[in-house]
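Heads up: the structure comes next, in structure tokens.
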Amino acid sequence: SQQGEEDPQALSIQEGENATMNCSYKTSINNLQWYRQNSGRGLVHLILIRSNEREKHSGRLRVTLDTSKKSSSLLITASRAADTASYFCATAFTSGTYKYIFGTGTRLKVLA
Amino acid sequence: DAGVIQSPRHEVTEMGQEVTLRCKPISGHNSLFWYRQTMMRGLELLIYFNNNVPIDDSGMPEDRFSAKMPNASFSTLKIQPSEPRDSAVYFCASSGPGETQYFGPGTRLLVL
């Protein structure tokens, strides 16, 4: 399967701590995106990183991409209770296509 | 903008019945995606359209599933006949010139 796999499956931290989630995939990618899903709702796009990029920042989010290891990580700094959600990576394997394969997700719980 | 609109939000039906899910993408977006999400299988891409044309339907589980996009502002996903294993949350998403996908709130389907 080309599906990405997130690690850990679940993560529980205290408010103010940093949260790190990892995504691994099996074949070469064109780009990778991270999405958030609050319980019972649709997914919301967080950040996109292309295969020729190594790191991107957006507010409290930092994403890294290591194509040699076929992995990406999402770091949320100074977490808040509102960050409680599931986080998914989505990978596109072919340039010019909009077909993304979503990973299995990491359930993050931030305790106030 | 109202975002991606899906209807109905909840559907309960009996095995064997026809189910039709509807989606209105964001105006101006030219790609539309149908996903299914379950605890066991995660988020699966069923089919996606570009400029109203089906591009990839390899994720459609079987002939009981069909999808149409008669115009740029409307798409349907039909299941006929429905089975209990079709119970899931079905998401529609759209994207514009960029690769970010905007998800609707989902339709929660329960087949008894």
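Bear in mind these aren't lab numbers, they're just calculated from the coordinates by the rules spelled out. Please read these numbers as outputs of a predicted model, since none were measured by experiment. Here Cβ is always computed from backbone atoms with ideal geometry, including for glycine, and neighbour counts include all displayed protein chains.
Can you give me the Cα centroid spacing of the range A:24-60 and the range B:24-90 in angstrom? The range A:24-60 and the range B:24-90 have Cα centres spaced 22 Å from each other. Among the lysines of chain A, pairs at least eight places apart or on separate chains and with Cα atoms under 17 Å apart come to 4.
Counting only trypsin sites (Lys or Arg not before Pro) that sit in a DSSP loop (anything but H, G, I, E, B) with at most 13 other Cβ atoms within 10 Å, what is the longest stretch of chain B containing none of them? So the longest stretch without any such site is B:42-112.
Electrostatic tally near B:SER75: other residues with Cβ closer than 15 Å to its Cβ, Lys and Arg +1, Asp and Glu -1, net +3. Straight-distance candidates among the aspartates and glutamates for linking to B:LYS24, with alpha-carbon spacing under 15 Å and chain neighbours fewer than 8 residues away dropped: B:ASP1. As a ratio to 2.2 N^0.38 Å, the alpha-carbon radius of gyration computed for chain A takes the value 1.01. The equivalent ellipsoid of the protein assembly as shown has semi-axes of 30, 20, 16 Å, largest first, where each one is the square root of 5 times an eigenvalue of the Cα gyration tensor. Size descriptors for chain B (Cα atoms only): Rg and Dmax, in that order, 13.1, 40 Å.
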